[in-house]
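Pasting a structure below so you can have a look.
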Amino acid sequence: MNMNTRKNPLMTAIFLALGLATAVQAEGLPAYVAGQPLPSLAPMLERSMPAVVNISTTTNIQVNDNPLMQDPFFRHFYNVPNMPKQQQKNSLGSGVIIDKNQGLVLTNNHVIDKADKIMVTLNDGRQLNAELVGADSEADVAVVQIPADNLTELPIADSSQLKVGDFVVAVGNPFGLGQTVTSGIVSALGRSGLGIEGYEDFIQTDASINPGNSGGALVNLRGEFIGMNTAILAPTGGNVGIGFAIPSNMALAIKDSLVKHGEVRRGLLGVTTQDLTPELVNAFNLENKHGAVISRIESNSPAAKAGLEAGDIIIAANGKVVKDSHDIRNIVGLMQIGDDVVIDYYHGNDKKQVTATIGKPERPQLLGEKLHRKLQGTVLSATAKNQVEGVLIEKVDTNAELWRIGLRPGDIIISANRYRIHNLDELKQVINPAGGLLLNIQRGQEGFFVVLK
């Protein structure tokens, strides 16, 4: 072994993992240089890199340069129309070809979110327009489609077989530089509770991941897809050796739903859980120290019908160990309506097992053309936020008129057409699809009126 190999223990270990000279000879490379073996990831990367693509997006946004134009009070008082300027916002990221026959590319939702145009650049320099197949903001996964012409796809590995210490390679488009490769190891598995995504079960790695790597591939030394690079922990804005990737099993399960339905149709179990802390272990007088404590059961939910009760400790679901509340959330979050989930739990000191059928969740109502075309794309729900009863605006489409007149998520509708309203049913009763709509809005400690014509 030469001095360069001795000074690079990572490459030495990689070389040993690849099977020494036998693996190198199998790829047609020289087995020895100056009598010494030559370790390299190049043969594997030559096969893998064509399956990793660069993604660029263009989003048309409307902006008001004059801050007074952003104030609905000012516009209403002076009867000034809202005429924002059009600007284009560009962003860069990465993606992974996972189906060469259908031209399916896996990436992060935040890479393509709200994009008006998605462009995919292949390893060979081809630039292709992509169409959005579906996206899931909760898990930050999206699928786009490109023409299936002479593409290379990545083989998929079972991410549940990963071990801390396994060597990995990250491929992506950091800072828009183009395809870049970094190597490292699996630093940790099952990272959750970070507040990065709604559903978290991250692979943590020290392979350098930087802005622009999002949506790229994390591969093993066989060149198999084991995760999708998604986030970094970087107080200074750059890589500090703590990166996170969505495991391939999770990403592919979401992909299947997006391809089939265009969305993830998550079901409902009907439990609220919390982590099993040492204090709760003592309070419940438990021998088991891991699991998720059921703190609330929704009435008439699948969990209630299965016989689960508040205070029960879930320790496994469908054979997967539940260490904390994030685990049960992730497991249920990947299941579809109608799926069965087998739950192992403790009721007191008695270990039990039940089967529950995932039900249809009751989501906040999306008001569309059935009520009023002006409210299309707006999600509303009844609320008593900050002791103010009304209808909470949870989501506003940035292209909708509500957004253009200045309304934002968190605003509360307290009256409509001069009628005091407390819930969605009362709002429905006062909406006249053929006429205008006068809304009284509460925002924090302020109140104002807006008119939808």
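The values are calculated or read from the model by the stated rules, or taken from the named source; none is laboratory data. It should be emphasised that the depicted structure is a prediction, and the values quoted were computed from it without experimental measurement. With ideal geometry, Cβ positions are generated from the backbone for all residues, glycine too; neighbour counts draw on all protein chains shown.
Give me the pairs, please: first residue somewhere in segment 49-61 and within 30 Å of Arg404 (Cβ to Cβ), second residue anywhere and of a type outside the set (Lys, Arg) and not in a strand (DSSP E or B), beta-carbon distance under 6 Å, and either six or more positions apart or on two chains.
Matching pairs, first to second residue: Ile55/Val111; Thr57/Ile112; Thr57/Ala115; Thr58/Asp116; Thr59/Ala115; Thr59/Asp116; Asn60/Asp116.
Here is a follow-up. Can you name every residue in segment 402-437 that is out of contact with any His (no Cβ under 7 Å at 6 or more places or on another chain), β-branched (Val, Ile, Thr) and modelled with pLDDT under 75?
Val430
All but one of (1) surrounded by fewer than 21 Cβ atoms within 10 Å (Cβ to Cβ); (2) within 23 Å of Gly319 (Cβ to Cβ) hold for Ser159; which doesn't?
Going through (1) surrounded by fewer than 21 Cβ atoms within 10 Å (Cβ to Cβ); (2) within 23 Å of Gly319 (Cβ to Cβ) one by one, Ser159 breaks only (1).
Name the pairs: first residue in segment 310-323 and in the same structural domain as Gly291 (by TED's automatic domain parsing) and farther than 12 Å from Ala356 by Cβ, second residue hydroxyl-bearing (Ser, Thr, Tyr) and surrounded by fewer than 17 Cβ atoms within 10 Å (Cβ to Cβ), Cβ to Cβ under 8 Å, at least 6 apart or on different chains?
Ala310/Ser295
Counting residues that are without any contact (Cβ under 8 Å) to a residue 40 or more places away in the chain, which strands (runs of 3 or more DSSP E) fully inside segment 125-196 reach at least 2?
Correct list: 127-136, 180-191.
Here's something else I'd like to know. Taking helices (runs of 4 or more DSSP H) that do not extend beyond segment 222-326, which have at least 1 residues that are closer than 29 Å to Asp339 by Cα and either touching a His at 6+ places or on another chain (Cβ under 7 Å) or not basic (Lys, Arg) (or both)?
248-261, 302-306
Sticking with this one: Please go through segment 199-231 and pick out each residue that is more than 15 Å from the chain's Cα centre (by Cα) and of a type in the set (A, V, I, L, M, F, W, C).
Ala207, Ile209, Ala217, Leu218, Val219, Leu221, Phe225, Ile226, listed by residue number.
On to the next question. Any idea which of Ser48, Ser56, Ser91 is surrounded by 14 or more Cβ atoms within 10 Å (Cβ to Cβ), in a strand (DSSP E or B) and modelled with pLDDT of 90 or more?
Ser56
Residues in segment 389-401: is at least one within 30 Å of Ala115 (Cβ to Cβ), at pLDDT below 80 and surrounded by 19 or more Cβ atoms within 10 Å (Cβ to Cβ)?
Taking every residue of segment 389-401 in turn, at least one turns out to be within 30 Å of Ala115 (Cβ to Cβ), at pLDDT below 80 and surrounded by 19 or more Cβ atoms within 10 Å (Cβ to Cβ).
Next up: Go through segment 232-251 and give me each residue that's in contact with a helix residue (DSSP H, G or I) (Cβ under 9 Å, 6 or more places away or on another chain) and either surrounded by fewer than 18 Cβ atoms within 10 Å (Cβ to Cβ) or at pLDDT below 90 (or both).
The answer is Asn239, and nothing else.
Scan segment 109-124 residue by residue and report those that are out of contact with any Gly (no Cβ under 9 Å at 6 or more places or on another chain) and assigned to a strand (DSSP E or B).
Lys117, Ile118, Met119
Which ones in segment 336-365 are in contact with a Gly (Cβ under 8 Å, 6 or more places away or on another chain), modelled with pLDDT under 85 and either surrounded by 18 or more Cβ atoms within 10 Å (Cβ to Cβ) or not in a loop (DSSP other than H, G, I, E, B) (or both)?
Hit for segment 336-365 is Gln336, nothing else.
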